Amino acid sequence: MHHLGNFSLMAVVVLTAYGALASFLGGRRRSAALVTSARRALIAAAGFSALSVASLLALFLADDFRFEYVASYSTSALPVAYKISALWAGNDGSLLLWTFLMLGFAATAVAVRRRDELIPQVTTTLSLAVLFFAWLNLTVCNPFGQLAEITAAGPIPFVPADGNGLNPLLQHPIMAIHPPVLYIGYVGFVVPFAFCIAALWTRRLDAAWTRNTRRWTLVAWFFLGSGILLGGRWAYVELGWGGYWGWDPVENAALMPWLTGTAFLHSVMIQERKGMLKVWNAALVIATYLLAVFGTFLTRSGIVSSVHAFASSDFAWRFMAFIVVAAAVSAALLISRLKDLRSENELDSVVSRESGFLFNNLLLLAACFAVLWGTLFPVLSEAVQGEQITVGAPFFNRVNVPLGLALLLMTGVGPLLAWRRSSLDSLRRNFVLPGAVGIATFLACLAFGMRHPYALVCFGLSGFVVTTIATEFHRGVRARRAHRGGSYTGALADLFRRNSRRYGGYVVHLGIVVLFIGFAGNAFNRDVIADLNPGENTRIGPWSITLQDIPAGETPVYEWLGAQLLLSKHEEPVGIYQPRRQFDRATGQATSEVRRHATFREDIYLVFSGMTEDGRATIHVYRNPLVRWVWIGGFIMFLGTLLTLLPDRRRRTASRGRLPALAAPAT
């Protein structure tokens with residue numbers, strides 16, 4: 001199988017190199033045959049990439065420890081599900097998956113948009129992007145390398161009795177899906193980037209390229225956001241530190257392209273409707289893709305310390321070279337096309353929906369820059385001063401919490417503003433009810449004893465935004481019923497069928513509100529650490545935690561030591577929980593298996609940290625309010641994203657009877 005895997009990697013390199021050259025020449029010569037062959041080469045490369053992934057997977061399932069990558073991340077006793085997920089546990093395999101997923105997007109794009117007039121330049125850009133990663137996979141980090149023992153007579157094959165095993169932290173169901181979902185989000189931005197470069201290349205800079213890429217951007221944004229939330233969930237249930245987001249450099253690397261992608265999805269509506277922000281949108285698409293590649297550079301470079309990062313890699317500088325070259329070419333194209341990117345209209349008023357979108361974009365970019373600066377500052381300080389200055393969570397919270405609250409405000413303000421210009425009368429009419437509900441929510445929280453300023457503002461703004469969204473839905477339903485009659489629920493469903501983009505977007509905004517409510521709970525987190533003998537207890541608020549026993553055991557894979565805890569509230573038993581420490585036999589690593597009592601109001605998070613020298617169990621208890629609302633908010637948010645991907649009946653009706661353009665490829 002390894003011969004097939006290596007051959008497939010070589011085929012991917014050859015086919016993408018041919019695709020880049022053939023599509024470039026086809027565009028220049030207006031040769032449809034060359035462009036078609038380039039597209040087919042890219043599609044064939046996707047097939048060979050799938051073969052390379054299947055080959056490596058077969059080696060894992062066969063426990064073929066002749067191969068260094070398999071021996072490094074698997075054992076014969078590893079469950080099949082984790083043998084599959086071990087494929088992306090290290091640099092080589094994860095890059096193989098990255099290339100495969102990128103080719104999946106690229107091949108689908110050139111197949112679906114084969115009649116698009118930009119397809120020659122799109123194919124060239126996609127082929128070059130894939131070629132870089134495929135070449136790295138073949139020459140620098142090939143996962144099909146065999147183990148060998150160096151002797152006086154030369155290297156001889158070496159086959160260990162068993163592998164080193166998979167990091168026990170990665171042996172979790174979420175880790176079987178989190179990396180692929182996150183990678184789909186990362187690589188998916190290559191398609192909007194390719195269309196943007198093609199539009200700049202050919203000077204076809206109307207709104208067509210943004211319409212063609214909006215759904216691709218939305219799909220990538222959806223998967224990247226889902227991957228971020230899955231990673232947060234894994235960190236919460238597996239790492240045993242009581243939180244789900246720690247501003248880790250690799251967490252930040254995923255957040256940055258998500259923020260710029262969010263900005264593009266908002267500002268692209270202004271270009272489609274008003275012909276404005278053309279330079280802005282092109283720059284956002286380029287920045288989003290480059291930040292996605294920068295994210296994998298951070299993961300593999302070893303320049304930052306992270307629990308999520310791979311070991312330091314000597315090929316990381318090649319990523320940086322790719323980013324620099326891609327940024328330079330993109331910037332040159334963008335600057336040379338500034339005259340062609342002039343806005344067709346001007347901003348009529350500061351108090352308008354256009355200005356609301358623009359201010360929303362500025363806030364998103366400010367948050368992205370703050371995250372980028374905080375992530376890279378330790379590296380920059382070490383390069384300049386020779387001493388690495390750590391930037392921790394307090395910096396990120398101090399900067400991004402106010403920015404986040406401002407973004408939450410704009411989520412509610414935007415729909416209340418009119419296009420072009422909002423009159424004083426419309427402002428008064430639209431803002432009275434949401435503003436009153438927001439103020440009432442703020443005062444109610446204050447009356448119930450809440451004193452944290454950010455939490456008070458967050459809950460007040462949440463009331464304001466929810467009322468705005470509900471008002472928009474009610475107005476739409478009322479208008480549909482006045483026009484067509486029927487029930488309220490029927491009119492609501494018709495709203496989604498006729499304008500899924502708008503009303504699906506409102507559902508996304510509702511999910512954002514619920515997320516922020518969950519985030520606000522962090523203001524009230526509490527924890528306590530206690531060393532207990534059996535029969536002793538500790539308290540946190542109305543909760544009592546009593547140590548009943550210190551059980552131990554073993555399995556073929558690991559040994560474990562635990563703490564049997566009775567959880568009570570107001571002296572009424574709630575349940576018995578057994579957090580424990582596990583010691584993996586293959587890797588020698590120790591991990592914490594936490595236990596949680598989760599409700600809509602709060603989580604009681606129980607960690608067994610180990611034993612003291614005098615034989616007492618160390619128990620760490622966290623009381624985390626509103627955590628469940630983070631996961632609910634994420635679900636609502638991405639349900640809304642799926643709704644926005646549905647085709648609008650209004651647009652289908654408008655386009656009925658039109659034939660696809662059959663224009664010849666142009667340069």
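Only one of these is of a type in the set (G, A, S), assigned to a helix (DSSP H, G or I) and closer than 27 Å to S343 by Cα: A418, A367, A383. Name it. Criteria check complete, one pass: A367. Taken over segment 210-224, the criterion of being surrounded by fewer than 23 Cβ atoms within 10 Å (Cβ to Cβ) and under 11 Å from V285 (Cβ atoms) is satisfied by R214, W216. Checking the stated criteria, L34 turns out to be of a type in the set (A, V, I, L, M, F, W, C), surrounded by 18 or more Cβ atoms within 10 Å (Cβ to Cβ), without any contact (Cβ under 8 Å) to a residue 60 or more places away in the chain and in contact with a Pro (Cβ under 9 Å, 6 or more places away or on another chain). Is it fair to say S72 is at pLDDT 95 or above and under 23 Å from F315 (Cα atoms)? So S72 fails the test. Scanning segment 442-471 for residues being more than 15 Å from H509 (Cβ to Cβ), of a type outside the set (A, V, I, L, M, F, W, C) and either touching a helix residue (DSSP H, G or I) at 6+ places or on another chain (Cβ under 9 Å) or in a helix (DSSP H, G or I) (or both) gives a total of 4. With the requirement that a residue be over 19 Å from P179 (Cα atoms) and surrounded by fewer than 20 Cβ atoms within 10 Å (Cβ to Cβ), what does segment 225-241 give you? The answer is W241, and nothing else. For segment 593-619, a residue qualifies if it is surrounded by fewer than 20 Cβ atoms within 10 Å (Cβ to Cβ), at negative phi and in a strand (DSSP E or B), and the qualifying residues are E593, R596, H597, A598, S609, M611, T618.
Residue-level check: of (1) closer than 24 Å to M410 by Cβ; (2) part of a helix (DSSP H, G or I); (3) touching a Gly at 6+ places or on another chain (Cβ under 6 Å), W245 misses just (2). Answer yes if at least one residue in segment 101-114 is under 19 Å from L4 (Cβ atoms) and either of a type outside the set (G, A, S) or in contact with a Lys or Arg (Cβ under 8 Å, 6 or more places away or on another chain) (or both), and no otherwise. There is at least one residue in segment 101-114 that is under 19 Å from L4 (Cβ atoms) and either of a type outside the set (G, A, S) or in contact with a Lys or Arg (Cβ under 8 Å, 6 or more places away or on another chain) (or both).
Could you run through segment 346-364 and say how many residues are surrounded by 15 or more Cβ atoms within 10 Å (Cβ to Cβ), part of a helix (DSSP H, G or I) and among the hydrophobic types (A, V, I, L, M, F, W, C)? The total comes to 5.
The requirement of being out of contact with any helix residue (DSSP H, G or I) (no Cβ under 6 Å at 6 or more places or on another chain), touching a residue at least 12 places away in the same chain (Cβ under 8 Å) and aliphatic (A, V, I, L, M) is satisfied by I439. Residues that are surrounded by fewer than 16 Cβ atoms within 10 Å (Cβ to Cβ), in contact with a Lys or Arg (Cβ under 7 Å, 6 or more places away or on another chain) and of a type in the set (V, I, T) occur at least once in segment 158-177.
The values are calculated or read from the model by the stated rules, or taken from the named source; none is laboratory data. Keep in mind it's a predicted model, so treat the numbers as computed, not measured. In this analysis, Cβ positions are derived from the backbone assuming ideal geometry, glycine residues included, and neighbour counts consider all displayed protein chains.
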